[in-house]
Amino acid sequence: MTDTLAQAELSDKDKNHARRWWILTVLGVAQLMVILDNTIVNIALPTAQHDLSFSNADRQWVVTAYSLAFGSLLLLGGRIGDMIGRKRALLIGLVGFALASALGGASTGFPMLVVARSIQGAFGALLAPSVLALLATTFTNPSERNKAFAIYGAIAGAGGALGLLLGGILTSYASWRWTLFVNLAFAAVAAVGALLWLRNDKAADRDPLDIPGVLLVTAGLFSIVYGLSHAETTSWTNHYTIAFLMVGVALLGVFAVLELRVRYPLLPPRVVRNRTRGGSLLAMLFASIGIFGVFLFLTYYLQGTLHFSPVKTGFAFLPMVAALATMAQVSNRVLLPRVGPKIIVPIGLGLDAVALYMLHLVGLQSSYVSHVLPYLILLGFGFGLSLAPSFSTGTLGLRPADAGVGSATLNTSQQVGGSIGTALLNTLAAGAATAFLVGKVPTPQNVAAAALHSYTTAFLWSSAFFVVGAVVAGLVFERGNLEQLAGPAGGSGAPVAVHA
């Protein structure tokens, strides 16, 4: 009887493993939905603002509400996935995200829209770590893992640009509300696929929840993200900005000390002590800071200076998407297994730095084909060499019980980096525009030149962030190919399970 049950369980696992590429499709759709939401709604904001009659000051909260919930709850979301099973966490996240999107699309006023965006962020914090954890535990064969993470990395890197395109199309030809309603289609496809192809995995971790750790890290991340958002709308010297950032840093410091002492930590120190995973976290952080110089200010430049429509702007980013997807396959499947991340990730970040430095030389009359397109393609190659491998090595060697929280840590690094980049680059750009107009008559020509100066300042600072990221990644990553780094010296213990 026991042998029969064991054989049945093994057969179930074999079937699940045979469906692994279908599972990748499900996870890719779910990840794309989360990534798209970072930019697709931004395109629709001016139209939504006019329709719902809210102020410019309120407009920021449509973005901030999502970021606060998503960024502060990621580690808890990853831990919940470890405790209840990743399939359940994925399905709950998909359904919750879809319902919140429907609520947002049906909004009759500003409060309803902000509440919906907050709920979206909360369920996104459960969804995103589950997607990455399922990917890490489904694909453990080295060659297949590299291919799967190359596809995942391409989706993660290109999703922002695709969001600009889809947001422009939906806003121009349908309604801003469809930038939210479209999530119902993504969620439905992913949920049906998950029900068909993912087996009901058992909880990977049944340890008691670290309640003090949850409270400390949630409050700390909330304070950091809120402080950065407040700096964006006020200043870095504002008392509330300083207070929230200081409190956030202090709470995260206490959290780090606590995790070294408790028996069942929310974030086991072994997850981040490993230099390969630590290097991936830092590379993701700096890349996310700099990448907002691309999607945010290049969008402003194309629409405000070159007078592209939202739809044309979205299409303008497609060459970067193609370059990223191509290089993600080359980097993860060919280069990463042979030379490891220490060489290719810094090179990728360096290429991004060069591309953004060249973009800061654009002018009021520059041509897209000659002055923007070549550097967008170079950015795509850089992202393909840095982001895709960072996702792969950021979860390398994790124990099954750590896959959820480890994935959440990588997502947190990406989210916090994005918040820092948005706040810092917006502040630097605004300061540059103001300084440019000092002593000048605010004629249309001078105003346009000031706007251009603000964009190019953001490009230059983004380039600097990528340089710092390249140096840090080069110092932190260990030498060795993936096989060496995933061994006992490079991992955190037992390897992840072969099946999801």
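Of the conditions (1) under 17 Å from the mean Cα position of the chain (by Cα); (2) closer than 12 Å to Ala65 by Cα; (3) small (Gly, Ala, Ser), Gly124 clears all except one; give me its number.
(2) is the only condition that Gly124 fails.
Can you pull out the residues in the range 131-179 that are under 24 Å from Gly404 (Cβ atoms), over 16 Å from the mean Cα position of the chain (by Cα) and of a type in the set (Ser, Thr, Tyr)?
Passing the criteria: Thr137, Thr138, Thr140.
Please determine, by comparing only the residues of the range 25-59 that are in a helix (DSSP H, G or I), free of Cβ contacts under 8 Å to residues at least 60 places away in the same chain and more than 16 Å from Gln303 (Cα to Cα), which one is nearest to the chain's Cα centre (by Cα).
Of everything passing the filter in the range 25-59, Arg59 is nearest to the chain's Cα centre (by Cα).
Considering only residues that are touching a Phe, Trp or Tyr at 6+ places or on another chain (Cβ under 7 Å), touching a residue at least 60 places away in the same chain (Cβ under 8 Å) and not polar (S, T, N, Q), which ones fall in the range 425-448?
Matches in the range 425-448: Leu425, Ala429.
Identify the single condition in (1) outside any loop (DSSP other than H, G, I, E, B); (2) within 30 Å of Gln445 (Cβ to Cβ); (3) assigned by TED's automatic domain parsing to the domain that holds Thr179 that Glu232 does not satisfy, given that it satisfies every other one.
(3)
Being buried (at least 19 other Cβ atoms within 10 Å of the Cβ) and of a type in the set (Ser, Thr, Tyr) narrows it down to one residue among Ser419, Ser370, Ser366; which is it?
Ser419
Output the residues belonging to the range 235-253 that are in a loop (DSSP other than H, G, I, E, B), exposed (fewer than 13 other Cβ atoms within 10 Å of the Cβ) and not polar (S, T, N, Q).
none
Is there a residue being more than 25 Å from Phe244 (Cα to Cα), out of contact with any Phe, Trp or Tyr (no Cβ under 8 Å at 6 or more places or on another chain), in a helix (DSSP H, G or I) and free of Cβ contacts under 8 Å to residues at least 12 places away in the same chain anywhere in the range 399-419?
no
Would you check which residues across the range 194-219 are part of a helix (DSSP H, G or I) and under 23 Å from Phe70 (Cβ atoms) and list them?
Residues satisfying the conditions are Ala194, Ile211, Pro212, Gly213, Val214, Leu215, Leu216, Val217, Thr218, Ala219.
Which is within 28 Å of Ala328 (Cα to Cα), within 22 Å of the chain's Cα centre (by Cα) and assigned by TED's automatic domain parsing to the domain that holds Phe149, of Pro400, Pro374, Pro389?
Pro389 is the lone residue from the list that is within 28 Å of Ala328 (Cα to Cα), within 22 Å of the chain's Cα centre (by Cα) and assigned by TED's automatic domain parsing to the domain that holds Phe149.
Pick out the one residue from Gly293, Gly304 that is part of a helix (DSSP H, G or I) and buried (at least 16 other Cβ atoms within 10 Å of the Cβ).
Gly293
Which condition number does Ile211 fail, the rest of (1) touching a residue at least 24 places away in the same chain (Cβ under 8 Å); (2) within 30 Å of Phe255 (Cβ to Cβ) being met?
It fails just one condition, (1).
May I ask you to verify whether Leu113 is assigned by TED's automatic domain parsing to the domain that holds Ile43, surrounded by 19 or more Cβ atoms within 10 Å (Cβ to Cβ) and out of contact with any strand residue (DSSP E or B) (no Cβ under 6 Å at 6 or more places or on another chain)?
Spelling it out, Leu113 is indeed assigned by TED's automatic domain parsing to the domain that holds Ile43, surrounded by 19 or more Cβ atoms within 10 Å (Cβ to Cβ) and out of contact with any strand residue (DSSP E or B) (no Cβ under 6 Å at 6 or more places or on another chain).
Residues of the range 307-339 being assigned to a loop (DSSP other than H, G, I, E, B) and either modelled with pLDDT of 90 or more or outside the structural domain of Leu165 (by TED's automatic domain parsing) (or both), which ones?
Of everything in the range 307-339, those that are assigned to a loop (DSSP other than H, G, I, E, B) and either modelled with pLDDT of 90 or more or outside the structural domain of Leu165 (by TED's automatic domain parsing) (or both) turn out to be His307, Phe308, Phe317.
Give the residues of the range 80-97 that are crowded, with 23+ Cβ neighbours inside 10 Å and among the small types (Gly, Ala, Ser), sorted by residue number.
Gly81, Ala89, Gly93
Yes/no per residue for (1) farther than 17 Å from Ala325 by Cβ; (2) in the same structural domain as Met320 (by TED's automatic domain parsing); (3) touching a strand residue (DSSP E or B) at 6+ places or on another chain (Cβ under 9 Å); (4) surrounded by 24 or more Cβ atoms within 10 Å (Cβ to Cβ):
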| site | (1), (2), (3), (4) |
| --- | --- |
| Gly105 | yes, yes, no, no |
| Pro129 | yes, yes, no, yes |
| Ser143 | yes, yes, no, no |
| Phe149 | no, yes, no, yes |
| Tyr152 | no, yes, no, yes |
| Ala156 | no, yes, no, yes |
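Quick one: would you say Val271 is buried (at least 22 other Cβ atoms within 10 Å of the Cβ) and not assigned by TED's automatic domain parsing to the domain that holds Asn411?
It is false that Val271 is buried (at least 22 other Cβ atoms within 10 Å of the Cβ) and not assigned by TED's automatic domain parsing to the domain that holds Asn411.
If we keep just the residues of the range 21-40 that are at pLDDT below 85 and not acidic (Asp, Glu), which is surrounded by the fewest Cβ atoms within 10 Å (Cβ to Cβ)?
Ranking the qualifying residues of the range 21-40, first place goes to Asn38.
Run down Ser130, Ser107, Ser101, Ser143 and say which single residue is in contact (Cβ under 8 Å) with a residue 40 or more places away in the chain and within 26 Å of Ile211 (Cα to Cα).
On inspection, the qualifying residue turns out to be Ser130.
The values are calculated or read from the model by the stated rules, or taken from the named source; none is laboratory data. As the structure is a computational prediction, the values presented were derived from the model and not from experiment. For neighbour counting, all protein chains shown are included, and Cβ atoms are generated from backbone atoms with ideal geometry for every residue, glycine included.
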